[in-house]
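So the structure is just underneath, and the comments pick up after that.
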Amino acid sequence: MKTSRPNRVLLLCIGLGVGFAGMVLGTYLASEDNGWTSSLLYSVVGLVGAPMAALSWTSRRSVQCQVLAGVAVLLGLLGSMALMLEITHELSEIANAWAQVPLALILWLLIFFTWGAGALARLIWFQPPRTRGRLSSRRGDAGR
């Protein structure tokens, strides 16, 4: 089921809004007082990944939408892995940002993981029609 053009534009606007909100918070967290400069790098990943995740919801069975969701999940996964490495670093700048503005950091993390979860949900819930039959155990083999 394809969505109409206004719905695509709306989804793109939502994705850009989420990405832009993450970028604004990332810029705030990277400011001199808060000191977490690498938040800008992760925010750029979100600025690209969030619109891709939102656009992946324009069609349930489109292969292009699955590719968009897959790329968004890959970006989110790579960003999350780098973020976890940074959090576990002994002298992490994120600890300084946590001490200065914990609410902004929590909100930024929520935005960062939300668009990745949206893309992952798109991949899990909607499969193209060609793979749906192959993945089913009810294809005539009686579950054997």
For this session: Could you check, for the stretch 123-133, whether at least one of its residues is surrounded by 14 or more Cβ atoms within 10 Å (Cβ to Cβ) and either outside any helix (DSSP H, G or I) or at pLDDT below 85 (or both)?
Result: yes
Exercise. Going by the structure shown, is GLU86 among the acidic types (Asp, Glu) and touching a Ser or Thr at 6+ places or on another chain (Cβ under 8 Å)?
Worked result: yes
Exercise. Could you list, in sequence order, the residues of the stretch 14-48 that are out of contact with any Pro (no Cβ under 9 Å at 6 or more places or on another chain) and more than 23 Å from LEU103 (Cβ to Cβ)?
Worked result: VAL48
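The values are calculated or read from the model by the stated rules, or taken from the named source; none is laboratory data. Keep in mind that this is a model prediction, so the values were computed, not measured. Please note: Cβ atoms are built from the backbone with ideal geometry, for glycine as well, and neighbour counts cover all protein chains shown.
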